[in-house]
Amino acid sequence: MSDYLTYVWRPVTGGRHAFPITATKSPAGVPAVAFCGAEADAGELHGRSEVDWIREDSCMRCWRILAAR
């Protein structure tokens, strides 16, 4: 992965949320917190399919937080 990538979008918890890139390196069982505050098991961030991706809308709260950076 790029040294410049600091976040990644993943379809979990009823939406496509942005998580810090470090969350994708955490093992299953470790809580991962999206920029909006949504929580998911880090294991859910791995191996998402294209179908998972297109089923969910982007979290606008995550989007606004990242856009303001």
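The values are calculated or read from the model by the stated rules, or taken from the named source; none is laboratory data. Note that this is a predicted model, so its numbers are computed, not measured. Here Cβ is always computed from backbone atoms with ideal geometry, including for glycine, and neighbour counts include all displayed protein chains. Just so you know, the surface numbers come from the protein's heavy atoms only, side chains and all, with ligands and any DNA or RNA stripped out. Shrake-Rupley method; radii C 1.70, N 1.55, O 1.52, S 1.80 Å.
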Q: Hey, can you find the accessible area per residue of the chain for me, probe 1.4 Å, expressed in square angstrom?
A: 66
**Q.** Per-residue HN-Hα couplings for segment 52-69 [Karplus 6.51, -1.76, 1.60; θ = phi - 60°; Hz; x = Gly/Pro]
**A.** 4, 4, 6, 6, 10, 8, 5, 6, 5, 5, 4, 4, 5, 5, 5, 5, 7, 6
(Q) Could you give the length gained by full extension between Ser49 and Ile21, i.e. 0.36 nm per residue of separation minus their alpha carbon distance, to one decimal place? (A) 8.3 nm
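Rounded to the nearest 20 Debye, what is the dipole magnitude of the chain about its Cα centre when Lys and Arg each give +1 and Asp and Glu each give -1 at the C-beta?
Values: 8 positive and 8 negative charges, 47 e Å.
Taking the Cα centre of the chain as origin, the dipole is about 220 debye.
So between Tyr4 and Ile65, what do we pick up on full extension, going 0.36 nm a residue minus the alpha carbon distance?
Values: separation 61, 0.36 × 61 = 21.96 nm, distance 1.80 nm.
In short, 20.2 nm is gained.
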